[in-house]
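Scroll down for the structure; my scribbles are underneath it.
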Amino acid sequence: MTSMYEILLTIVGYAAAICMVGGYLPQAVHTIRTRNTDGIALPTFLLMGFGGLFFVVQGVMTGNLPLVITNVITTTCCVIITAIKLRNDRSARRRKP
């Protein structure tokens, strides 16, 4: 039998997952559409990407599905944004005299 604590823990986990994906996805979609990365700090997205990757590993190790799903999505968003940022920064350096 599942305790109220376990049910609450699951609800909180899924609520956190929805909030995290809801926070990352709009930024990723905006960056993919506009290709504008001027206001994005590369170290921030690198650290957030690695943090997400570590949470995926932790979620797999503990069997925490909301943690895995959330961080696969957010890490993917971070990788996409970081790749666009790196490409834009490299292009900007080439254009400078």
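Tell me yes or no: at least one residue of region 71-81 is surrounded by 12 or more Cβ atoms within 10 Å (Cβ to Cβ), in contact (Cβ under 8 Å) with a residue 24 or more places away in the chain and outside any helix (DSSP H, G or I). Within region 71-81, none of the residues are surrounded by 12 or more Cβ atoms within 10 Å (Cβ to Cβ), in contact (Cβ under 8 Å) with a residue 24 or more places away in the chain and outside any helix (DSSP H, G or I). Tyr5 meets the conditions (1) open to solvent by 100 Å² or more (accessible area, probe 1.4 Å); (2) under 16 Å from Cys78 (Cα atoms) in every case but one. The failed one is (2).
Does region 57-65 contain at least one residue that is open to solvent by less than 20 Å² (accessible area, probe 1.4 Å) and modelled with pLDDT under 95? Break it down stepwise before answering.
First, the residues of region 57-65 that are open to solvent by less than 20 Å² (accessible area, probe 1.4 Å): 59.
Adding the requirement that they be modelled with pLDDT under 95 leaves 59.
For region 57-65, residues open to solvent by less than 20 Å² (accessible area, probe 1.4 Å) and modelled with pLDDT under 95: present.
For (1) of a type outside the set (D, E, K, R); (2) at negative phi; (3) more than 9 Å from the chain's Cα centre (by Cα), each residue gets a yes or a no:
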| site | (1), (2), (3) |
| --- | --- |
| Thr2 | yes, yes, yes |
| Leu8 | yes, yes, yes |
| Gly22 | yes, yes, yes |
| Arg33 | no, yes, yes |
| Gly52 | yes, yes, no |
| Leu67 | yes, yes, yes |
| Cys77 | yes, yes, no |
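So which residues in region 8-26 are open to solvent by less than 70 Å² (accessible area, probe 1.4 Å) and within 19 Å of Val79 (Cα to Cα)? Within region 8-26, Ala17, Val21, Gly22, Gly23, Tyr24 qualify.
The values are calculated or read from the model by the stated rules, or taken from the named source; none is laboratory data. Note that the coordinates shown come from a computational prediction; the quantities given were computed from them, not determined experimentally. Note that we place each Cβ from the backbone using ideal geometry, even for glycine, and neighbour counts take in every protein chain shown. In case anyone asks, the SASA skips ligands and DNA or RNA and just uses the protein heavy atoms, side chains included. Shrake-Rupley method; radii C 1.70, N 1.55, O 1.52, S 1.80 Å.
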